[in-house]
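Q: If you scroll down you'll find the structure; I have some questions about it.
The values are calculated or read from the model by the stated rules, or taken from the named source; none is laboratory data. Everything numeric in this text was worked out from a predicted model, so none of it was measured. As a convention, Cβ positions derive from the backbone with ideal geometry for all residues, glycine included, and neighbour counts pool all protein chains shown.
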Amino acid sequence: MALFRNPAVAISKQLSRQSSLSSVAALSRVQGRVLPLAGRAFSDKNSTQTFDYNKKNEGKSSNIVWSEGLISNDERVALTGQRGATLWITGLSGSGKSTIACALEHRLLKNGVNTYRLDGDNIRFGLCKDLGFTAKDREENIRRIGEVAKLMTDSGCITITAFISPYQRDRDLARKLHENSGLKFLEVLMDVPLAVAEQRDPKGLYKKARAGLIKGFTGNDDPYELPEKPELVIPTHEHDVDESVDIIMKTLTDHGVFKKSN
Ligand code: ADP
């Protein structure tokens, strides 16, 4: 792969070389879409990657350039036969997010679907082990999960997330990350009255929170903001686990994510 000092030089060198131009044309054909050359993107003659110098970078790092692969998301779907989607399960602690996420993952896998579950507690053992439960940490937690889910969904996976994710703003951000990349995002509310969640209390957390042993516990001294426009609402106290999974499978079918032939 040739290295250039800056994109302008790179592009002018590319433009001056007929062989490079034909390589760009070939790459464009492979990708099935036109790559604008001047000032935007170019491909290296000997490389399969395409750089997009205009991709907006809102992060801290400088001197980074977006690298496109050869495959668009639609082409990936055509080649693998599976379109990814993020199923964003939200709700109070004890509403049944983890229970139903596990059962759903099992059902999808039995149907031959590539799926993976990101669980709220599990993620805090690793990727988010530096975060607590302050509003700021919760926001960063959900931002990271949103980014990870987006990558997994882009790869064609049905990504099931099970996080309380109590704030509308944070869930909206996760949605936006997906929709800006043309990826499907389905928000699923596990809708149980606080009294039911508190009575289930599978980990004894409500009891501890009521006793003042846990600060900032959702439903106790931290708010849960109901989703404004969820794609699906499941009152898990009115359905057994299998029925809840049936309901989600139907939604995945309605949205063209799951096909019976899978
Ligand atoms: P969350 O992940 O939302 O904190 P969990 O799935 O960990 O919730 O806990 C929900 C608890 O409620 C589990 O102990 C589960 O067995 C129990 N439960 C009782 N009935 C149901 C139901 N119909 N659907 C889901 N969970 C239920």
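Q: Among the listed residues G94, G120, G126, which satisfies the condition of being in the same structural domain as R210 (by TED's automatic domain parsing) and on the phi > 0 side of the Ramachandran plot? Write out each step before concluding.
A: On the way: G120 fails: on the phi > 0 side of the Ramachandran plot; G126 fails: on the phi > 0 side of the Ramachandran plot.
Just a single option satisfies the conditions, and that option is G94.
Q: Among the residues that make up the range 203-225, is at least one of them within 19 Å of R117 (Cβ to Cβ), surrounded by 14 or more Cβ atoms within 10 Å (Cβ to Cβ) and within 16 Å of the ligand (Cβ to nearest atom)?
A: Among the residues of the range 203-225, not one is within 19 Å of R117 (Cβ to Cβ), surrounded by 14 or more Cβ atoms within 10 Å (Cβ to Cβ) and within 16 Å of the ligand (Cβ to nearest atom), which makes the answer no.
Q: Next question. For the range 71-92, how many residues are buried (at least 24 other Cβ atoms within 10 Å of the Cβ) and either within 17 Å of the chain's Cα centre (by Cα) or free of Cβ contacts under 8 Å to residues at least 12 places away in the same chain (or both)?
A: Residues that pass the stated criteria total 7.
Q: Additional query: What number goes with the only condition from (1) over 29 Å from D240 (Cβ atoms); (2) loosely packed, with under 14 Cβ neighbours inside 10 Å; (3) within 16 Å of the ligand (Cβ to nearest atom) that N122 does not pass?
A: Failed condition: (1).
Q: Any idea which residue in the range 125-140 is nearest to the ligand (Cβ to nearest atom), counting only those that are touching a helix residue (DSSP H, G or I) at 6+ places or on another chain (Cβ under 8 Å) and modelled with pLDDT under 95? It would help to see each step written out before you state the result.
A: The initial filter retains those residues of the range 125-140 that are touching a helix residue (DSSP H, G or I) at 6+ places or on another chain (Cβ under 8 Å), namely 127-128, 131, 138-139.
Right, trim to modelled with pLDDT under 95 and you get 138-139.
Values: R138: 15, E139: 20 Å.
Among those that are touching a helix residue (DSSP H, G or I) at 6+ places or on another chain (Cβ under 8 Å) and modelled with pLDDT under 95, it is R138.
Q: With respect to E231, determine if the residue is closer than 14 Å to T90 by Cβ, at pLDDT 95 or above and in the same structural domain as L109 (by TED's automatic domain parsing).
A: Values: closer than 14 Å to T90 by Cβ: yes; at pLDDT 95 or above: yes; in the same structural domain as L109 (by TED's automatic domain parsing): yes.
Yes: the conditions hold for E231.
Q: I'd like to know if the range 93-105 contains one or more residues that are away from the ligand (no atom under 16 Å from the Cβ) and more than 18 Å from the chain's Cα centre (by Cα).
A: Within the range 93-105, the first condition is being away from the ligand (no atom under 16 Å from the Cβ), and the residues that meet it are none.
Scanning the range 93-105, I find no residue that is away from the ligand (no atom under 16 Å from the Cβ) and more than 18 Å from the chain's Cα centre (by Cα), so the answer is no.
Q: Would you tally the residues in the range 229-242 being surrounded by 12 or more Cβ atoms within 10 Å (Cβ to Cβ) and assigned to a helix (DSSP H, G or I)? Outline the logic, then answer.
A: Residues of the range 229-242 surrounded by 12 or more Cβ atoms within 10 Å (Cβ to Cβ): 230-237, 239, 241.
If we keep only those that are assigned to a helix (DSSP H, G or I) as well, we get 241.
Looking only at that region, the number is 1.
Q: Confirm whether K184 is within 21 Å of the chain's Cα centre (by Cα) and among the basic types (K, R). Don't jump to the end; show me each part of the working.
A: Working: within 21 Å of the chain's Cα centre (by Cα): yes; among the basic types (K, R): yes.
Criteria met by K184.
Q: Quick test for you: out of D191, D201, D222, pick the one residue that is in contact with a Gly (Cβ under 8 Å, 6 or more places away or on another chain), among the charged types (D, E, K, R) and at pLDDT below 95.
A: On the way: D191 fails: at pLDDT below 95; D201 fails: at pLDDT below 95.
After applying the criteria, what remains is D222.
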